[in-house]
Amino acid sequence: MAISTGHGPDRSESGKARIYDSIAVLPVRNLIIYPHMAAPLVANRSGSVKALDEALQGDSEILILAQRDPDVDAPQAEDLYNTGTLSMVHKSMKLPPDGLHVLVQGVSRMKVI
C-alpha cells in the first residue's frame with residue numbers, strides 16, 4: 001500500500017492524499033526522480049521491464065524508489081527506500097534483446113505504508 005503525499009492530480013477531489021492499494025514499483029540505482037522532473041530511464045532487469053509494462057498497460061503510473069545498495073541486482077522491499085516518487089510513463093521504446101527505454105515524469109512524493 002502506498003500513499004501520495006504531494007500536491008497535484010494524484011490527490012482526490014476532496015483534497016486529501018490518494019491511497020493506492022497496489023502500484024507497480026520501479027527500483028532505480030544511483031538516481032532520484034523528483035516531482036515535476038522528467039528523465040529518460042533504461043530498464044534491463046526483467047523485474048523492471050515487467051513493472052514498466054504493467055504501468056503502460058494501466059494508467060501509466062509507477063512508483064519509482066531508489067535502491068539503498070546499487071550493487072544489488074534483484075532488490076527486495078528491504079533494499080529500497082520507503083519514500084519515492086509517483087511518476088507517469090510518457091514514452092517507451094523496446095530495446096534488444098529484452099530492454100525498455102522510457103521517459104518518465106515525477107508527479108508527487110509517495111510513501112510506502
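The values are calculated or read from the model by the stated rules, or taken from the named source; none is laboratory data. Everything quoted here is computed from the prediction, not taken from an experiment. Neighbour counts run over all protein chains shown; Cβ positions are idealised from the backbone, glycine included.
Brief remarks on what is shown
- Taking the numbered list (1) within 23 Å of Ile113 (Cβ to Cβ); (2) modelled with pLDDT of 95 or more in turn, Pro40 passes all entries but (1).
- Selection from segment 74-105 of residues that are aliphatic (A, V, I, L, M) and either in contact with a strand residue (DSSP E or B) (Cβ under 9 Å, 6 or more places away or on another chain) or closer than 23 Å to Pro35 by Cα (or both): Ala77, Leu80, Leu86, Met88, Val89, Met93, Leu95, Leu100, Val102, Leu103, Val104
- Identity of the residue in segment 23-46, among the β-branched types (Val, Ile, Thr) and not in a loop (DSSP other than H, G, I, E, B), that ends up farthest from the chain's Cα centre (by Cα): Val42
- Candidate set: segment 47-59, residues that are in a helix (DSSP H, G or I) and either touching a Ser or Thr at 6+ places or on another chain (Cβ under 6 Å) or not charged (D, E, K, R) (or both); chosen: the one surrounded by the fewest Cβ atoms within 10 Å (Cβ to Cβ): Gln57
- Residue within segment 2-22 that is touching a strand residue (DSSP E or B) at 6+ places or on another chain (Cβ under 9 Å), at pLDDT below 95, at positive phi and not in a strand (DSSP E or B) present: yes
- Look at segment 18-39: where a residue is more than 17 Å from Val89 (Cβ to Cβ) and a partner is among the charged types (D, E, K, R), sitting 6+ places away or on another chain with Cβ atoms under 7 Å, you get Arg18/Asp10; Arg18/Arg11.
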